[in-house]
1. Compute the distance in nm between two label points, each set 7 Å from the Cα along the Cα-to-Cβ direction, one at Glu30 and one at Ala47.
2. Tell me, what is the FRET efficiency for Ser60 and Arg13 to the nearest 0.05, using R0 = 30 angstrom and their Cβ-Cβ distance as r?
3. Within 10 Å, count the other beta carbons around each residue, average over each peptide in 64-70, 34-40, and list them highest first.
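Where a number appears in this text, it was derived from the coordinates with a stated rule and is not lab data. Note that the structure is predicted; figures quoted are calculated from it, not measured. Note: ideal-geometry Cβ built from the backbone for every residue, glycine included; neighbour counts use all protein chains shown.
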Amino acid sequence: MDRSSVGGEDLARLRVRSVGALRATGSVFEPFELVGPDGEPVVPVGAYLRELQGRGRSESTQRSYAFDLLRWFRFLLMALTESAQCCSAKVLSRGRA
């Protein structure tokens, strides 16, 4: 199987929107916060980062994990959007027949 494609899609053609962000807070206790497309903090991620902080993980580890979650959420948003568009197109095309 060719690793550069999934389901006939070329992975190089995937476009993941740059939504949300990781912000430095300047706080020693919560050095980073992940915000969604609306600019509001993503509460479950904040709880996870506080758990890492409580377990003595370094700021760089917290930052790395938070960036991983940001990339994952962006990918999921893209995948769900693509899936919804695909399904809508199929429904519309069936209605025309």
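1. About 1.3 nm, to one decimal.
2. 0.35
3. The packing order, highest mean first, is 64-70, 34-40.
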